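Notes to accompany the following structure.
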Amino acid sequence: MSALLDATLEHLRALVAFDTRNPPRAIGTGGLFDYVRAQLPGFDVRVTDYGAGAVTLHAVRGEPKYLFNVHMDTVPDSPHWSADPHVLRVTGDRAIGLGACDIKGAAAALLAVARATDGDMALLLSTDEEANDARCIAGFLARPYDYEAVIVAEPTRGEAVLAHRGIQSVLMRFAGHAGHASGEQKPSDSALHQAVRWGDAALDFVAAQSHQRFGGLTGLRFNIGRIEGGIKANMIAPSAELRFGCRPLPSMDPELLLENFRTLVEPLPVEFSETFRGASLPAGDIANAEANRLAARDLADELDIPIGNAVDFWTEAALFSAAGYTAFVYGPGDIAQAHAADEWVLLDQLQNYAETIYRIVNRASA
C-alpha cells in the first residue's frame with residue numbers, strides 16, 4: 001500500500017467508528033468534529049450547528065479555488081450486517097464499514113491529503129444529506145464564498161458525474177363521502193377510488209414522458225410509495241392519503257410537473273403538498289443547464305478526472321449548481337454498495353481518489 005492509502009485507511013477507521021446514523025441524526029459538534037479538527041493544523045476551521053443534528057465543518061487553508069464537500073451522516077445499519085458496522089474491516093481489496101462507501105472513504109482521503117500537502121485547500125463536511133430535512137448546505141450557501149467550483153463526493157467509481165435527476169416528494173389527500181358500498185357510486189364518492197384513478201392517470205402521464213432526454217438520461221422516474229385510507233370493504237372510503245415521488249430530468253420544469261400531477265383527474269385532491277424538493281444537476285432551464293454541464297465537463301477535463309455517465313440518484317451537487325457554482329460529483333465507491341449491509345469500497349478506488357485530490361491541491365497551489 002502507498003503511504004497515502006495507509007493514512008486514508010487510518011482516518012477511515014476512526015471516522016467509521018463515530019456513530020453518525022441518520023436517523024436518528026443524534027450528531028453534535030464534538031466527537032467526529034473534534035477528531036477532524038485535530039487532523040487539520042494550519043486550517044481555519046468553523047463548525048456550525050443548524051440544529052437537529054445538522055452540523056457543518058468548513059475548513060480553509062490558503063486561498064483555494066475549489067471546495068471539496070462530503071456528507072458524514074450515514075443511513076442506519078440493517079440487521080444483515082455480518083459484523084459490527086462501526087468497526088472497519090480491511091481485506092485484500094476492500095474496506096468494509098458503515099459509511100466506508102457512502103461516503104466517509106472520501107472524507108478520510110481528504111484528511112490524508114490535508115496532512116500530506118501544505119497546498120491551498122477547502123473542505124466542507126455536513127451531516128444531514130441522508131434526511132429529508134436538509135439544512136447544512138442551505139445554511140452554508142446563505143453566505144457568499146469565492147470558490148470557482150465545488151466537487152461533491154459521492155460514490156461514482158472514480159468518475160466525474162456531470163448530471164443527475166432532481167427529486168420531488170408529494171403528499172396528496174382525497175375526500176369522499178362515507179356510506180354503504182352496495183349502491184352505485186359517483187366518481188367523487190370514494191376517496192380511495194379517487195386515489196386509484198389518479199394513480200392510473202399518473203402512470204399514463206409518466207409513460208408519455210419517455211421520449212424526453214438530457215445528458216444520457218431518459219424519461220421521468222416515478223413511484224407511488226403509499227396509499228392509505230378507508231374503513232372496511234362494505235363502506236365507501238371518506239378519506240385517503242397517497243404519497244408519491246418523482247425524479248425529473250434537469251430539463252423538466254418542477255413547478256409545471258407538479259401542476260400536471262395535481263390536475264390529472266377530477267375531482268382534484270383536497271390537499272397536494274410537496275414535502276421535499278432537490279434540484280437536478282446541473283441547475284437551470286434546458287439552455288442554461290446544458291451550459292452549466294459543459295462548464296463542469298471542461299473543469300473535469302482540466303483536472304484529468306475521467307467523465308462518467310449521468311446518474312439517476314440525487315446529490316447535493318445540485319444545490320451548489322443552483323446557487324451558481326460550477327459543480328460535479330466525484331468520489332470512490334459504487335452506488336450499488338451504498339446503503340447495503342457490509343458496504344465496502346475498493347482500496348484501489350480509495351487510493352486513486354486520494355492521489356487525484358493530492359494532485360489537484362498541489363496543482364492549484366502552484
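Taking the criterion of being among the hydrophobic types (A, V, I, L, M, F, W, C) and surrounded by fewer than 22 Cβ atoms within 10 Å (Cβ to Cβ), the residues of the range 330-351 that qualify are Ile335, Ala336, Ala338, Ala340, Ala341, Trp344, Leu346, Leu347. Checked against the criterion of being at pLDDT 95 or above, surrounded by fewer than 20 Cβ atoms within 10 Å (Cβ to Cβ), assigned by TED's automatic domain parsing to the domain that holds Asp128 and among the small types (Gly, Ala, Ser), the candidates Ala59, Ala95, Ala83, Ala52 yield just one match: Ala83.
Select from the range 180-239 the residues that are aromatic (Phe, Trp, Tyr) and free of Cβ contacts under 8 Å to residues at least 60 places away in the same chain and write down the one among them that is surrounded by the most Cβ atoms within 10 Å (Cβ to Cβ).
So the first thing to find is which residues in the range 180-239 are aromatic (Phe, Trp, Tyr), and the list is 198, 205, 214, 222.
Going one step further and asking which of them are free of Cβ contacts under 8 Å to residues at least 60 places away in the same chain, we end up with 205, 222.
Details: Phe205: 15, Phe222: 18.
The residue in question is Phe222.
Checking Ala138, Ala163, Ala134 one by one, the residue that is in contact (Cβ under 8 Å) with a residue 12 or more places away in the chain and touching a Pro at 6+ places or on another chain (Cβ under 7 Å) is Ala163 and no other.
Checking each residue in the range 34-58 for being under 23 Å from the mean Cα position of the chain (by Cα) and touching a residue at least 40 places away in the same chain (Cβ under 8 Å) picks out Val36, Thr48, Tyr50, Gly51, Ala52, Gly53, Ala54, Val55, Thr56, Leu57, His58. Sort out which residues of the range 98-134 are surrounded by fewer than 20 Cβ atoms within 10 Å (Cβ to Cβ), touching a helix residue (DSSP H, G or I) at 6+ places or on another chain (Cβ under 8 Å) and among the polar types (S, T, N, Q), and write them in order of number. Selection gives Thr117 alone. Residues in the range 357-366 that are surrounded by fewer than 24 Cβ atoms within 10 Å (Cβ to Cβ) and touching a Pro at 6+ places or on another chain (Cβ under 9 Å): Ala364, Ser365. Scanning the range 225-236 finds one or more residues that are touching a helix residue (DSSP H, G or I) at 6+ places or on another chain (Cβ under 8 Å), closer than 30 Å to Glu316 by Cα and in a strand (DSSP E or B).
Every residue, every condition in (1) touching a Leu at 6+ places or on another chain (Cβ under 7 Å); (2) within 30 Å of Ser321 (Cα to Cα); (3) of a type in the set (Val, Ile, Thr), yes or no:
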site	(1), (2), (3)
Ala202	yes, yes, no
Phe214	yes, yes, no
Gly225	no, yes, no
Ile231	no, no, yes
Leu242	no, no, no
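In summary, Ala122 fulfils each of the numbered conditions (1) under 20 Å from His339 (Cα atoms); (2) assigned to a strand (DSSP E or B) with the single exception of condition (1).
Collect the residues in the range 201-224 that are in contact with a Ser or Thr (Cβ under 6 Å, 6 or more places away or on another chain) and assigned to a loop (DSSP other than H, G, I, E, B), keeping them in residue-number order.
Across the range 201-224, the qualifying residue is only Gly219.
Can you tell me which residue in the range 155-173 is nearest to the chain's Cα centre (by Cα), limited to those that are β-branched (Val, Ile, Thr) and more than 13 Å from Phe328 (Cα to Cα)?
My answer is Ile167.
Going through (1) of a type in the set (S, T, N, Q); (2) assigned by TED's automatic domain parsing to the domain that holds Ile103; (3) modelled with pLDDT of 95 or more; (4) in a helix (DSSP H, G or I) one by one, Gln337 falls short only on (4). Restricting Ala317, Ala296, Ala354, Ala327 to those that are farther than 22 Å from His164 by Cβ, crowded, with 22+ Cβ neighbours inside 10 Å and in contact with a Leu (Cβ under 9 Å, 6 or more places away or on another chain) reduces the list to Ala354. Under the condition of being in a loop (DSSP other than H, G, I, E, B) and at negative phi, the residues counted in the range 249-295 number 18.
Taking the range 298-332 only, how many residues are in a helix (DSSP H, G or I) and in contact (Cβ under 8 Å) with a residue 12 or more places away in the chain?
We begin by selecting, within the range 298-332, every residue in a helix (DSSP H, G or I); these are 298-302, 317-322.
Next cut, in contact (Cβ under 8 Å) with a residue 12 or more places away in the chain only: 299-300, 317-322.
Total meeting the criteria: 8.
The values are calculated or read from the model by the stated rules, or taken from the named source; none is laboratory data. Being a predicted model, the structure only gives us computed values, none of them experimental. Ideal geometry is used to build each Cβ from the backbone, glycine not excepted, and the neighbour counts take in all protein chains shown.
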